[in-house]
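The block underneath contains the structure these notes are about, expressed in structure tokens.
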Amino acid sequence: MRLYPEQIAKQIKAGLAPCYFVYGDEPLLKQEALDELRQAARAQGFDERHKFDADEGLDWDTIFDASQSLSLFSSRQIIELTLPDKLDRTASDRLKELLGQCHPDLLLLISGPRLNQQQQKTAWYKALAAAGPVVPVFTPDARQLARWLEQRLGRHGLAAEPDALHWLTLAFEGNLLAAAGEIEKLALLELPQPLTLATLQQQVQPHYHFNPFQLIDPLLQGKVKRGCRILLQLRQEGVEAGMLCHLLAKELNTLHGLQAALATGQSFPQAAGSLQVWSSRQPLMQSALSRLPAPKLSALSTLLAAADAAVAEFDDDTAWRWLYALCVGFFDEKPPIILP
């Protein structure tokens, strides 16, 4: 059963499940989801709590000992287990064994990182999904972030004018933890409502944050202004140009491969399947191909090769200039001017 964070409150009213798996890359939402489950569990008498990290040094027997022991002070207990990016065969088998130990006086709260589609097909993930709700926690996109900020403001008795709310989405994109902190500060100031753009710009320090993977989709969508904004922020945050070259090369190679397969008469689903393009990304890639003809892709690859060469020569400034030119080059179907 898939459960989203905003659905937890409704689900737990019907009773706690024996196991919850909360996973994703948004630290604030993940922490709040786990806190909500802990609070509900404490209200139902789960007063004892054990925490474990499933790293290579974990002695799984200690978890089983804890799950089968009864405290003098509590007959109900929570076992929290944090999973690493990858599980080896031993950890996978022991995790499935642990799930088989569930009983009414034991609650398993398991958390983990963001998982790709391949990881969601593993035996251990399927075992978790069978044992109880899985709760994916993702960083909200621009539209979802505006709604989240509006709800968060309302929780503290605040409201914001439309242009002020839009400014907040730009100021805190990718950094909900900072946004939550600033909203709490605003609530203490007792400012006139609704909050205006001028008020926010005077009172709030922007703290937006991006990860390298967020650069790809805006470029494929032709949203060059947003792509360039993300690129410049990534540089400011210390992301290496070589990492971006690697990610962009992977996307351009996939686009070249799709284009070549389509030229031989394959359907797009056939071509995408042979190149292992996730089904969730196929519409985006197909749309990108419709406005990126072969000459355009070749020119973009030339720009990327220049950036990669600058990285190899440890010429960081030149590499970033080439990357910026590459981002701008995604704007329309015309081949970009080859200039750093």
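The values are calculated or read from the model by the stated rules, or taken from the named source; none is laboratory data. Keep in mind it's a predicted model, so treat the numbers as computed, not measured. So basically every Cβ, Gly included, is an ideal-geometry build from the backbone, and we count neighbours across all protein chains shown. These accessible areas exclude ligands, DNA and RNA; they are computed on the full protein's heavy atoms, side chains included. Shrake-Rupley method; radii C 1.70, N 1.55, O 1.52, S 1.80 Å.
Of the set (1) within 30 Å of Ser279 (Cβ to Cβ); (2) of a type outside the set (A, V, I, L, M); (3) open to solvent by 40 Å² or more (accessible area, probe 1.4 Å), all apply to Gln44 but (1). Screening the range 292-322 for residues that are farther than 18 Å from Ala261 by Cβ and among the charged types (D, E, K, R) and picking the one that is surrounded by the most Cβ atoms within 10 Å (Cβ to Cβ) gives Asp308. The combined condition, being under 24 Å from Asn116 (Cβ atoms) and either surrounded by fewer than 16 Cβ atoms within 10 Å (Cβ to Cβ) or at pLDDT below 95 (or both), is not fulfilled by Ala263. Screening the range 2-31 for residues that are free of Cβ contacts under 8 Å to residues at least 40 places away in the same chain and out of contact with any helix residue (DSSP H, G or I) (no Cβ under 8 Å at 6 or more places or on another chain) and picking the one that is least open to solvent (accessible area, probe 1.4 Å) gives Gly15. Restricting attention to the range 140-171, the residues being open to solvent by 60 Å² or more (accessible area, probe 1.4 Å), modelled with pLDDT of 90 or more and within 18 Å of Glu6 (Cα to Cα) number 5.
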